[in-house]
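The values are calculated or read from the model by the stated rules, or taken from the named source; none is laboratory data. Note that the structure is a prediction, hence the values are computed from the model and not measured. Note that we place each Cβ from the backbone using ideal geometry, even for glycine, and neighbour counts take in every protein chain shown.
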Amino acid sequence: MNMQLKDARVVVTAGANGIGLAMVRAFLAEGARVATCDVDAAALEPLRAEGLHAKVCDVADTAAAAGFIAGAIDALGGLDCLVNNAGIAGPTAGVEDVDPGDWARVIDVCLTGQFNCTRVAVAALRASTNASILNVSSAAGKFGFARRSPYAAAKWGVIGFTKSLALELGPDGIRANALLPGIVAGDRQRRVMEARAQAQGRSVAEVEKDAFAAASIKDYVTAEQLADQAVYLASPRGRTISGQAIAVDGDLGMLG
């Protein structure tokens, strides 16, 4: 299917690994021009070798984020789509044991980082004829998540930020949506399952069964599925989709 994204100008934050890298690859496969950033300098090197505008940037740093977005817009010659993908998991602990610095860091990266990038990108997006913003939230953005309060709070905030952007920027022809991944296959999730199994004295298979118990589709989401959704939302085929919190999670009913 031709998604009509040839030469589209796309920025993906945290694009060197995982979901972000799958998004970079998916947009490139559609003929888009892509710029990205990450805090992992070594992981960016292969993208740089391919000629991408790929910079080290912590989106929680207001000045660094502004510099990256401005540089990416200059390198691409404008902007059609901003994908705010950067995020961190943060601590797993009861609320009374969460360090205030850890709380602040999660909010700064997962929520304020999206603001830092968006505020600089809006002017360029207004000049596009197919402008979109995609903010990556999480299934934790619609459920409570025991012992993960900083992460859940940030991801709920992403949805509020997204819906506000849709209302504010819609008259300018800019659509904004949030993507809510569920349990995503990959090294990070494997480590989470293994750590949980070890802590509980159970097998990984038993922990996985519990994790999927409240889902209709009892399987992992892949990064490629999330990338496909991002491409569709950024394409002209998604031109009337805005203000939505779109779950790709196998119909999870809860997290735990």
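Considering the range 1-18 alone, what residues qualify as being over 24 Å from THR62 (Cβ atoms), touching a strand residue (DSSP E or B) at 6+ places or on another chain (Cβ under 9 Å) and not small (Gly, Ala, Ser)?
LEU5, ASP7
Name the residues in the range 78-108 that are buried (at least 22 other Cβ atoms within 10 Å of the Cβ) and closer than 29 Å to LEU5 by Cβ, would you?
If the condition is that a residue be buried (at least 22 other Cβ atoms within 10 Å of the Cβ) and closer than 29 Å to LEU5 by Cβ, then LEU79, ASP80, CYS81, LEU82, VAL83, ASN84, ASN85, ALA86, GLY87 are the ones that fit.
Given (1) outside the structural domain of GLY113 (by TED's automatic domain parsing); (2) at pLDDT 95 or above, identify the lone condition not met by MET1.
Evaluating MET1 over (1) outside the structural domain of GLY113 (by TED's automatic domain parsing); (2) at pLDDT 95 or above leaves (2) as the failure.
I'm trying to understand the selection: among the residues of the range 51-80, which are in a loop (DSSP other than H, G, I, E, B) and either more than 23 Å from ARG175 (Cα to Cα) or without any contact (Cβ under 8 Å) to a residue 12 or more places away in the chain (or both)? Show your work before the answer.
Looking only at the range 51-80, we keep the residues that are in a loop (DSSP other than H, G, I, E, B), and these are 51-52, 57-61, 77-80.
Passing the criteria: GLY51, LEU52, CYS57, ASP58, ALA60, ASP61.
Taking the criterion of being in contact with a strand residue (DSSP E or B) (Cβ under 7 Å, 6 or more places away or on another chain), surrounded by 16 or more Cβ atoms within 10 Å (Cβ to Cβ) and part of a loop (DSSP other than H, G, I, E, B), would at least one residue in the range 30-42 satisfy it?
Yes, the range 30-42 has at least one match.
Taking helices (runs of 4 or more DSSP H) that fall entirely within the range 179-237, which contain at least 1 residues that are of a type in the set (S, T, N, Q) and free of Cβ contacts under 8 Å to residues at least 24 places away in the same chain?
Answer list for the range 179-237: 187-200, 223-234.
From the list VAL56, VAL24, which residue is within 30 Å of VAL192 (Cα to Cα) and surrounded by fewer than 16 Cβ atoms within 10 Å (Cβ to Cβ)?
On the way: VAL24 fails: surrounded by fewer than 16 Cβ atoms within 10 Å (Cβ to Cβ).
None of the others qualify; the one that does is VAL56.
Could you tell me whether the range 196-211 includes any residue that is hydrophobic (A, V, I, L, M, F, W, C) and closer than 23 Å to ALA32 by Cβ?
Just the residues of the range 196-211 that are hydrophobic (A, V, I, L, M, F, W, C), to begin with: 197, 199, 204-205, 207, 211.
Going one step further and asking which of them are closer than 23 Å to ALA32 by Cβ, we end up with none.
The answer is no, given that none of the residues of the range 196-211 is hydrophobic (A, V, I, L, M, F, W, C) and closer than 23 Å to ALA32 by Cβ.
Is the range 113-133 home to any residue that is surrounded by fewer than 24 Cβ atoms within 10 Å (Cβ to Cβ), aromatic (Phe, Trp, Tyr) and assigned to a loop (DSSP other than H, G, I, E, B)?
no
Does VAL83 qualify as being modelled with pLDDT of 95 or more and outside any helix (DSSP H, G or I)?
So VAL83 fits the description; yes.
For the range 155-167, does any single residue satisfy the condition of being over 25 Å from LEU21 (Cβ atoms) and aromatic (Phe, Trp, Tyr)?
Within the range 155-167, one or more residues are over 25 Å from LEU21 (Cβ atoms) and aromatic (Phe, Trp, Tyr).
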